[in-house]
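Visitor: The following block contains the structure, expressed as structure tokens.
A short reminder: the numbers here are calculations on the coordinates, not readings from a lab. Quick caveat, the model's predicted, so the values are computed rather than measured. Cβ atoms come from the backbone with ideal geometry, glycine included; neighbour counts cover every protein chain shown.
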Amino acid sequence: MTTKLFVQAIVKYLAGVVLLGLLLFLPAGTLRYPNGWLLMGLLFIPMLGAGIVMMLRDPALLEKRLNAKEREGEQKEVIRQSGVMFIIAFVLAGLNFRFGWLTLPSWVVHTAAVLFLLAYLMWAEVLRENAYLSRTVEVQKGQTVIDTGLYGVVRHPMYAASLLLFLSMPLILNSIFSFLVMLAYPPIIAKRIRGEERLLKKDLPGYEDYMERVKYRLIPFVW
């Protein structure tokens, strides 16, 4: 662990907390937005714990996760579209609370919170299984095909966990309008997966055989 990596991780973490807070609480017009605080807690408390574990046990993996600069134009566009989607969804959630447009039953919020935490556990398991995970589409030096654990069920379990995380977020925020916006995420992530698999087939030995063994990309028996 280096001081530079530590500072980079802390700065990005705090920037994420501040940005999400602004996107939620400014449109809400108040800090008294319970669902906003619920999401902030569910998102950032486990994230802090995961970051500390990676910093102590695997700083190289943490560094990869902090590197979010895509090189390919198609993947840059995917990141841009995702960013726009998140901004619209979070702002709508705050406005929904502020003006009381439409609320969901409490059981929906609670169920979404449980699903969110389960998706977080899935995300942590994927990080444990695959030391090559980065936030950019690339093939790293010495990388090999991972086909055990969740990778034996679907080829992209990290994206499967992300899908569950992101679709549960607007329900935690008690906003059906935000949920409708987040439905843009499946086609966005499908585009990213197709581009990533083209690269992996070309540059990662054994990946094409792995595709034959594990048929589904994201959701078992669906796609």
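Visitor: Summing -39500 (n - 2.57) over the DSSP H runs of n ≥ 4 in the chain and dividing by its residue number, what mean residue ellipticity at 222 nm do you reach, to the nearest 500 deg cm²/dmol? Please report the intermediate quantities before stating the final value.
Guide: Values: 9 runs with 158 residues, N = 223.
It lands at -24000 deg cm²/dmol.
Visitor: What distance in nm separates the simple spin-label points at Asp147 and Arg80, each placed 7 Å from Cα in the Cβ direction?
Guide: Those two pseudo-labels are separated by 3.8 nm.
Visitor: May I ask for the angle, rounded to the nearest 10°, between helix 106-129 and the longest principal axis of the chain, with both axes built from Cα atoms and the value confined to 0 to 90°?
Guide: Its long axis makes an angle of about 20 degrees.
Visitor: Okay, moving on. Quick one: net charge of Met211's neighbours, Cβ under 13 Å, K/R +1, D/E -1? It would help to have the intermediate numbers written out before the result.
Guide: Values: positive: Arg155, Arg194, Arg198, Lys201, Lys202, Arg213, Lys215, Arg217; negative: Asp147, Glu196, Glu197, Glu208, Asp209, Glu212.
In short, +2.
Visitor: Add +1 for every Lys or Arg and -1 for every Asp or Glu among the other residues with Cβ under 11 Å from the Cβ of Ile193, and state the total. Before the final figure, lay out each step's value.
Guide: Details: positive: Arg155, Lys191, Arg192, Arg194, Arg198, Arg217; negative: Glu196, Glu197.
Summing Lys/Arg as +1 and Asp/Glu as -1 gives +4.
Visitor: Would you list Arg217, Arg198 from fewest to most Cβ contacts within 10 Å? Don't skip to the end; give the middle numbers.
Guide: Numbers: Arg217 20, Arg198 13.
Result, fewest neighbours first: Arg198, Arg217.
Visitor: What's the angle, to the nearest 10 degrees (0 to 90), between helix 34-57's Cα axis and the longest principal axis of the chain?
Guide: 30
Visitor: Tell me, how many Å apart are the Cα centres for the range 151-165 and for the range 178-203?
Guide: 12
Visitor: Give the aspartates and glutamates whose C-alpha is closer than 15 Å to that of Lys76, dropping any in the same chain fewer than 8 places away, or say none.
Guide: The reachable aspartates and glutamates, counting only those whose Cα sits under 15 Å from Lys76, are Glu138, Glu196.
Visitor: Something else about it: So if I take the centroid of the Cα atoms in the range 75-120 and the same for the range 204-222, what is the distance between those two points in Å?
Guide: 30
Visitor: Using just the Cα positions, wrap the chain in a convex hull and report its mean projected area in square nanometres, one decimal place. Show your work: numbers first, answer last.
Guide: Details: hull surface 50.0 nm².
Averaged projected hull area, Cα only: 12.5 nm².
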